[in-house]
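Trainee: I'd like to ask some things about the structure below.
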Amino acid sequence: MPAVASLSSPAPAAAARRRRFSPAASASLRRVASGGGSSWRSERRLMSELERTVTAGAAERIIRGYVGTKSERAALAALSRLLMDSDPLAIPFYEAVTQARWFKWSSIHAAAVAALLEVNGSIGESRSLISDSISQHLQSTDEVALFYCDLMAAFSSRGLKDRAVDFYTELRSMPLSGRKAYTAMIKSLCLMGLASEAEEALREMVSLGYQPDAFQFGLVAKCYGKSGSLVEMERVIASMSDTGIRLGTGAANIVLSCYSSCRDHSKMLVWLKKMRKLRVAPTTKAYNFVLNSCPTLVLVIQELGPSLPLSTARLVKKLKSVSKLAAEAELVQELLASSSVLDKAMEWSETEVKLNLHGFSTIAAYVLMLQWVDVIKGRTLPLEVSVVCGIGKHSDVRGEPKVRGLAQEVLSQMGSPLRLSTRNKGRLVAKRDRVKQWLASLPVPEEGTDQSLDATHQKPFVLRLFRELGQFFSNLV
């Protein structure tokens, strides 16, 4: 087993010892840390116990007891959480994990621990862990190359850019083969902000016949966009078609994410209109990053005061009157004109209509709820209406359910009867009759504030008439 240093000094306070690093670099760890159910609850208890420890010995006893009694999934989720927070307690925790009977070496965990050791001044232990990992767990050049890519990401995300470049130099001195190695290298270079090097690797990948997909082009383009090199970003976007990548849902939404990363609202608007003409629907991720890039909308959500718009029409009207960006209100209108994201988030059955807010940011959840209310106003409701918003398992600060808090506040201001379920703390629920009374009491949207962009988005009169007659006869029956 590789040698890993233990803590020999008293455990510092959590606030002082935790240094959160780049969210992009922690994506792989986040996936491992997103265990649910009892593993999540036991992890919270573990973190609470570690918060109260005074000595390193007490912390290590708690860690050994946890790893020895919990499942592999629970232990790895807790380790990933500590590594995401750059908590020094991740080092003795990793040592305990390596001694478990179910231990399997992980490139991501080993790279993150090596980076954390170096951040804490244990340079010798860090380099020993890296060399032992290579000699004991990696059999091929491709495996070593992938490990170097993880080391580049882990070290650069913790501010050790020089060491990350050293790993890149080592990587380039090796004979690379296979699509997987190039894909990992491009991702790590983009995390380091080395756009030109990432594009060079992309070209090399194409020349060797390893067909990249839209995701790799999107990473390089977004890296250019974040650095302010918009001309290069658009050049990379345009080069996608040269390699035979069709403008499907994935490619279109990746391009949209590139423009959102550099806050180019006019280009995002043009691209959304192009997607609508080609009948390419935006995804949940696109919905998130487009709305998150709207500064006026972000300020509206942060205030949550009495002036908060409680309908899509009022939201668009406020953006038009307040926003300094001409394209911001029209951008929100364009998203509201498409129901693809809402259709996927909304589940209808004979007994319940449910809006699922999992995967949405607080800003996107707010806009989606307003859009949802507009839709259910004109539908025949089943016995129960609910909004599922979770309990914060996937929040940046785990256990702080920001989406749930926002949903409660917005629905409360709207006078909604939906309340927190006694059986599920991540679900707001109400019976049909009370919801119908509430929806009937909502004010009629003002003329001229319809969220649709043009007449093509409005339902024809005959369709609206049949819908209203159907609702009338359904209520009568």
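The values are calculated or read from the model by the stated rules, or taken from the named source; none is laboratory data. Please read these numbers as outputs of a predicted model, since none were measured by experiment. Neighbour counts are summed over all protein chains in view; Cβ atoms, including those assigned to glycine, are modelled from backbone coordinates with ideal geometry. Protein only, heavy atoms only, side chains kept; ligands, DNA and RNA dropped before computing areas. Shrake-Rupley method; radii C 1.70, N 1.55, O 1.52, S 1.80 Å.
Trainee: Name the residues in the range 97-124 that are among the charged types (D, E, K, R) and either at pLDDT 95 or above or within 29 Å of the chain's Cα centre (by Cα) (or both), would you?
Mentor: Listed by number, the residues that qualify are Lys104, Glu118.
Trainee: Considering only residues that are among the hydrophobic types (A, V, I, L, M, F, W, C) and surrounded by fewer than 20 Cβ atoms within 10 Å (Cβ to Cβ), look in the range 213-261 and name the one that is modelled with the lowest pLDDT.
Mentor: Filtering the range 213-261 for residues that are among the hydrophobic types (A, V, I, L, M, F, W, C) and surrounded by fewer than 20 Cβ atoms within 10 Å (Cβ to Cβ), the one modelled with the lowest pLDDT comes out as Leu247.
Trainee: For residues in the range 269-283 being part of a loop (DSSP other than H, G, I, E, B) and in contact (Cβ under 8 Å) with a residue 12 or more places away in the chain, which is surrounded by the most Cβ atoms within 10 Å (Cβ to Cβ)?
Mentor: Pro282
Trainee: Moving on. Which count do you get for residues in the range 128-147 that are under 17 Å from Cys190 (Cβ atoms) and open to solvent by 30 Å² or more (accessible area, probe 1.4 Å)?
Mentor: The total comes to 1.
Trainee: Starting from the range 204-220, keep only residues that are among the hydrophobic types (A, V, I, L, M, F, W, C), then list their pairs with residues that are open to solvent by 60 Å² or more (accessible area, probe 1.4 Å) whose Cβ atoms are within a distance under 8 Å, requiring at least 6 positions of separation or different chains.
Mentor: Cβ pairs passing all conditions: Met205/Arg179; Leu219/Lys187.
Trainee: Taking the range 67-119 on its own, how many of its residues are open to solvent by 10 Å² or more (accessible area, probe 1.4 Å), among the hydroxyl-bearing types (Ser, Thr, Tyr) and part of a helix (DSSP H, G or I)?
Mentor: Looking only at that region, the number is 2.
Trainee: Inside the range 321-336, can you point out the residues that are open to solvent by 30 Å² or more (accessible area, probe 1.4 Å) and part of a helix (DSSP H, G or I)?
Mentor: Passing the criteria: Ser321, Val322, Ala326, Glu330.
Trainee: To continue, here is another question. Can you find a residue in the range 417-424 that is at pLDDT 90 or above, more than 30 Å from Arg45 (Cα to Cα) and assigned to a loop (DSSP other than H, G, I, E, B)?
Mentor: Yes - at least one qualifying residue is present in the range 417-424.
Trainee: Would you mind stating whether Glu384 is closer than 17 Å to Leu439 by Cα and open to solvent by 10 Å² or more (accessible area, probe 1.4 Å)? Walk me through it before giving the result.
Mentor: Details: closer than 17 Å to Leu439 by Cα: yes; open to solvent by 10 Å² or more (accessible area, probe 1.4 Å): yes.
Yes, satisfied.
Trainee: Examine the range 170-184 for a residue that is in contact with a Phe, Trp or Tyr (Cβ under 7 Å, 6 or more places away or on another chain), part of a helix (DSSP H, G or I) and open to solvent by less than 20 Å² (accessible area, probe 1.4 Å), and state whether such a residue exists.
Mentor: Yes: the range 170-184 contains one or more residues that are in contact with a Phe, Trp or Tyr (Cβ under 7 Å, 6 or more places away or on another chain), part of a helix (DSSP H, G or I) and open to solvent by less than 20 Å² (accessible area, probe 1.4 Å).
Trainee: Select from the range 284-308 the residues that are in a loop (DSSP other than H, G, I, E, B) and crowded, with 18+ Cβ neighbours inside 10 Å and list them in ascending order.
Mentor: Ser293, Cys294
Trainee: Now for a separate question. Is it the case that some residue within the range 350-361 is assigned to a loop (DSSP other than H, G, I, E, B), more than 25 Å from Ser293 (Cα to Cα) and at pLDDT below 90?
Mentor: yes
Trainee: Among (1) more than 30 Å from Ser140 (Cα to Cα); (2) over 23 Å from the mean Cα position of the chain (by Cα); (3) open to solvent by 30 Å² or more (accessible area, probe 1.4 Å), which single condition is Leu208 missing?
Mentor: (1)
Trainee: Anything in the range 40-56 that is of a type in the set (Gly, Ala, Ser) and in contact with a Leu (Cβ under 9 Å, 6 or more places away or on another chain)? List them, or say none.
Mentor: Ala56
Trainee: Go through (1) touching a Ser or Thr at 6+ places or on another chain (Cβ under 9 Å); (2) over 30 Å from Met414 (Cα atoms) and name the single condition Ile237 misses.
Mentor: So Ile237 meets the others, but not (1).
Trainee: Also: When the range 428-450 is examined, which residues are found to be modelled with pLDDT of 90 or more and open to solvent by less than 50 Å² (accessible area, probe 1.4 Å)?
Mentor: Selection gives Leu428, Val429, Ala430, Val435, Trp438, Leu439.
Trainee: In the range 413-441, what count of residues is obtained for those that are polar (S, T, N, Q) and over 20 Å from Leu381 (Cα atoms)? Outline the logic, then answer.
Mentor: Residues of the range 413-441 that are polar (S, T, N, Q), as a first pass: 413, 416, 421-422, 424, 437, 441.
Narrowing the set further to residues that are over 20 Å from Leu381 (Cα atoms) leaves 413, 422, 424.
Of the residues in that region, 3 qualify.
Trainee: Arg314: of a type in the set (Lys, Arg) and farther than 18 Å from Gln371 by Cα, yes or no?
Mentor: Taking the combined requirement at face value, the residue does not satisfy it.
Trainee: Which is of a type in the set (Lys, Arg) and at pLDDT 80 or above, of Arg64, Arg30? If you could, list the steps in order and put the result at the bottom.
Mentor: Working: Arg30 fails: at pLDDT 80 or above.
So the residue among Arg64, Arg30 that is of a type in the set (Lys, Arg) and at pLDDT 80 or above is Arg64.
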